[in-house]
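Peer 1: A single structure is presented below for examination.
Here, each number is a calculation from the coordinates, and none is a lab measurement. The model shown is predicted, which means the values in this text are computed figures rather than measured ones. A quick note on method: Cβ atoms are made from the backbone with ideal geometry, for glycine too, and the neighbour counts reach across all protein chains shown.
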Amino acid sequence: MSVQSAKKAYQLTEWANQIQARLESGQTVKEWCNEQFVSPKTYYYRLKRVREELLETAGAKTMFSMPGKPEFAPLSLPRTINSAVTVQIGGLRADIHNDANFSTVEFVLRVLSQL
């Protein structure tokens, strides 16, 4: 790993930790940024970069950069999995399990609300 790659990975990890801390604080972006002496513009830039890296790492970047709505393939899930909450919108279904962390639940609900 080059020095540049290591620096980028460290920055992204730090930014992801900051974003997680903001989410867990329950504060608005503006409140958290004022308290941390970070401009909201910087916060949103870092959020965008962390999301891009996550999508790239997951190999999904090309799917989300295509124009129009993505198409989802139906998946058969084992019926032995018990969900705490199931959200269904049209043909889409999201099962949220008891061990899901707050940021995952928040992300899933945001994505579903935009469909």
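Peer 1: Work out how much length A6 to V111 would gain on full extension: take 0.36 nm times their residue separation and subtract the Cα-Cα distance, in nm to one decimal.
Peer 2: That works out to 34.7 nm of additional length.
Peer 1: Within 11 Å, Cβ to Cβ, of A84, how many net charges do the neighbouring residues add up to if Lys/Arg are +1 and Asp/Glu are -1?
Peer 2: Overall, the nearby charge balance is -2.
Peer 1: Take each of the peptides 45-55, 24-34, average the number of other beta-carbon atoms within 10 Å over its residues, and list them starting from the highest.
Peer 2: The packing order, highest mean first, is 45-55, 24-34.
Peer 1: Under a plain spin-label model, where a point goes 7 Å from the Cα along Cα-to-Cβ, how far apart in nm are Q20 and T86?
Peer 2: Result for the modelled spin labels: 3.1 nm.
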